[in-house]
Amino acid sequence: MNGFTRRSPVQFPRRQFFKMIGAAGFCAALPRQLSAQNAATFRSGPYRTLDELSASLTATGISTDEVQTLLALAKPSIALQSTAVEDSEIAVGAGKIGGSPDVPRDFIWPLRQPTVFGLATIETLRKYEADNSDEDLKRQIALKEALAKRVAPLAFMTQIDLAVCAAAGRLDEDIPRAGRLLLFYDLVFNPQTGQEPNGNRLFQLIHVETDQLTRKTAPDLGYPLFGGIDVYRNCLPSARFRPVFTYTLPDQRAAPITPSYLNRPYPHENWSDLQPTHLEASNRLGGWPENIKKEMTIDLAAADAGVDITQMNYRDVFKRLERSAQQWVLLLQIGAYDNDINDFNGLYYIWIKREDLRARDFSKARLIYQKDE
């Protein structure tokens, strides 16, 4: 994440593509099988009631039986709309992404131990160095190698005001209604999982229950998040969150959908294609994930049970792990937000087993990062 990130329009994921092309492009992108009458009644959300969601599904030609099947799978979620604003203009304790966290006065900044993933990243950079005499690359390797070998602070990513989210609408029954969730992560090396095989944690999810908070500036991370922009050396550009309630549905990669539709279109394919990720719902509390790659709960359940699924077909895997996979709850999804500098180029998902969520043991949470590729 060093420096500005630019991408061509064809590389944008669906959730950003529809936002980019605007209303005219959206209408042009409607599937041919969506009639003019149905197009006029289609709503892209938010879906504040199941009736609204049902009407939207019906407008894309889904049968009554399949609509009822999908409605039974709907999960409540809080979409976190973002508005770019200076961190100093965001009230202490308010929901936000980037900037500096609001924490108790005795708060100890989260650290990670020396990282194997970081060292592997250095080896990848060395391969580029062999064909590149660029001095900036050599400097990057030297700084990052030293950083990977030592204890280092995690970067602050986001702060979720749970009471404000709960006031916006229905939540999963086990998500706390008070306090704040703070997410810290190794944004310098950007690992795809939040924990290394040796147990070294590369992220921390912290539930702060007190309202006695003070804003705490990040320590030096050891390497600039954005080269040449000193103000963002150790923090992300800030944006304020506004929570908006909506129901969400599983996509074609989700465990409840895939086994039944391996060789045919899933019932709400057109509906999903029409979703311009209403209200910037890349950032959300609860609900179903927006999968970029494969379904995650099966892998989480397999790892938790110590089951090797690499040689198993999907139907057998699903049959064996379906029940345990359902115990994993999507707590947070973090992605694109309103700013002119940072692009995560993917989504961060925070998962937790329901029993650990009920026990408020957020040390058991898991982070997965999926890239747009």
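Data table
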| quantity | calculated |
| --- | --- |
| Zone of Glu173's modelled label, taken as backbone nitrogen in the stretch 301-340 under 18 Å from a point 7 Å along Cα→Cβ | 326-331 |
| Rounded, prolate or oblate (a/c below 1.5 giving rounded, otherwise prolate when a/b exceeds b/c) for the stretch 178-247 by Cα gyration tensor | oblate |
| Full-extension gain in nm, Ile229 to Lys293, via 0.36 nm per residue minus C-alpha separation | 19.8 nm |
| Segment Asp340-Gln327, extension gain: residue separation times 0.36 nm, minus the distance between their alpha carbons | 0.9 nm |
| Exposure proxy order (Cβ contacts within 10 Å, fewest to most) of Val67, Val92 | Val92, Val67 |
| Förster radius 30 Å - calculated FRET efficiency between Ser44 and Gln68, Cβ distance, rounded to 0.05 | 0.90 |
| Estimated FRET transfer efficiency (Arg150, Thr217; beta-carbon r; R0 25 Å; 0.05) | 0.75 |
| Sorted by Cβ density within 10 Å, fewest first, the residues His207, His268 | His207, His268 |
| Gained length - Ala305 relative to Arg253, 0.36 nm times residue gap less alpha-carbon distance | 16.6 nm |
| Sequence-distant residues sharing a close amide H with Leu111 (under 5 Å, placed H) | Leu154 |
| For the stretch 147-217 and the stretch 285-337, distance of Cα centres in Å | 21 Å |
| Computed FRET value (nearest 0.05) for Gln113 with Glu209, which takes r as the C-beta separation and R₀ as 41 Å | 0.95 |
| About the Cα centre, charge dipole magnitude for the chain (Lys/Arg +1, Asp/Glu -1 at Cβ), debye | 280 debye |
| Positive-end extreme of charge dipole, the chain - chosen from Ala359, Pro237, Thr121 (charges on Cβ) | Ala359 |
| Above-threshold pairs, the threshold being 18 Å between Cα atoms, out of Lys293/Lys371; Lys294/Lys371; Lys96/Lys371; Lys96/Lys216 | Lys96/Lys371 |
| For the stretch 54-121 versus the stretch 357-373, the gap between their alpha-carbon centres in whole angstrom | 12 Å |
| Nearest 10 degrees, 0 to 90: helix 135-148 Cα axis against the chain principal axis | 90 degrees |
| Label-point gap, in nm, between Glu89 and Tyr128 - each point 7 angstrom along Cα→Cβ | 3.4 nm |
| Karplus-derived 3J(HN,Hα), 6.51/-1.76/1.60, for each residue of the stretch 113-119, Hz, glycine and proline x | 7, x, 10, 5, 4, x, 5 |
| Residues of the stretch 305-333 with amide N under 19 Å of a point placed 7 Å along Cα→Cβ from Gln195 | 305-309, 324-333 |
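Computed from the coordinates by the stated procedures, all read-outs in this text should not be read as laboratory data. Since this is a predicted model, take the numbers as computed values, not measurements. Cβ coordinates were reconstructed from backbone atoms using ideal geometry, including for glycine residues, and neighbour counts include every protein chain displayed.
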